[in-house]
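The structure appears right after this line, and notes come after that.
The values are calculated or read from the model by the stated rules, or taken from the named source; none is laboratory data. No experiment lies behind these values; they were computed from the predicted model shown. Quick reminder, even Gly has a Cβ in these numbers, built from the backbone with ideal geometry, and neighbours come from all protein chains shown.
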Amino acid sequence: MYTDHPMGPAAITRHFQDAWNSHDMEAFGRLFHYDATFVNRFATYWRGVDQIVNGHAAIHASIYSDSTLAIDPPDVDPISDDAAILHFWSRLSVGIAHPAGPHQIDTLILAVANPAQWRVAHSGAGECDADQRDDRRRRPASLNSATGSAAPGRRPAR
């Protein structure tokens, strides 16, 4: 199955994190389909890998030049044999290059991946504080256990 592919949908988040943390926008760009769309946490919309890379290159050369990103393993929901939806949490840590100084930002990211070498076709992000992050990380009761208990799935504390 495609989830076992070395660049399958679950591997995208590891490559995303590695490209971000090395500030390698060329590697970052390889994660996206040529006509991908991207909506960042400020609701800026980019279409096409060139816009996505150029937008990220600008912030990596300035306010995010000393940033790091930690990404949790994604929830991967196959929608067909050759497409999947990913939801994953990221924690952005920024340093003194940012005008607001050092701080952390938690973001829930949704991505749709297709089999074009398992690249991201569409991505969107929403920022949350730590309490919202725990409250929103719930799975349907049918996915929590074989008995269908309503215990929420929680993201492990960092």
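Kindly indicate the residue of the range 50-94 that is under 18 Å from V112 (Cβ atoms) and touching a helix residue (DSSP H, G or I) at 6+ places or on another chain (Cβ under 6 Å) and also modelled with the lowest pLDDT among those meeting that condition.
A84
For the range 67-78, what are the residues that are in contact (Cβ under 8 Å) with a residue 12 or more places away in the chain and more than 19 Å from Q17 (Cβ to Cβ)?
P78
For the range 30-49, does any single residue satisfy the condition of being of a type outside the set (V, I, T) and at pLDDT 95 or above?
There is no residue in the range 30-49 that is of a type outside the set (V, I, T) and at pLDDT 95 or above.
Are any of the residues in the range 99-110 at pLDDT 95 or above, touching a Pro at 6+ places or on another chain (Cβ under 9 Å) and surrounded by fewer than 15 Cβ atoms within 10 Å (Cβ to Cβ)?
No, the conditions are met nowhere in the range 99-110.
Out of A61, A36, report the one residue that is farther than 19 Å from W89 by Cα, aliphatic (A, V, I, L, M) and exposed (fewer than 14 other Cβ atoms within 10 Å of the Cβ).
Matching residue, one of A61, A36: A61.
Tell me whether the range 125-135 contains one or more residues that are of a type outside the set (A, V, I, L, M, F, W, C) and either modelled with pLDDT of 65 or more or closer than 23 Å to A27 by Cα (or both).
No, there is no match, as no residue in the range 125-135 is of a type outside the set (A, V, I, L, M, F, W, C) and either modelled with pLDDT of 65 or more or closer than 23 Å to A27 by Cα (or both).
Report, ordered by the first and then the second residue, all pairs with beta carbons closer than 6 Å, sequence separation of six or more or different chains, a first member in the range 11-28 that is more than 13 Å from S65 (Cβ to Cβ), and a second member that is aromatic (F, W, Y) and part of a helix (DSSP H, G or I).
Final answer for the pair search is A19/F28.
What is the number of the single condition among (1) buried (at least 18 other Cβ atoms within 10 Å of the Cβ); (2) of a type in the set (A, V, I, L, M, F, W, C); (3) modelled with pLDDT of 90 or more that A10 does not meet?
Status for A10: all satisfied but (3).
If I filter the range 64-81 down to residues being surrounded by 13 or more Cβ atoms within 10 Å (Cβ to Cβ) and among the small types (G, A, S), which single residue comes out as nearest to the chain's Cα centre (by Cα)?
A70
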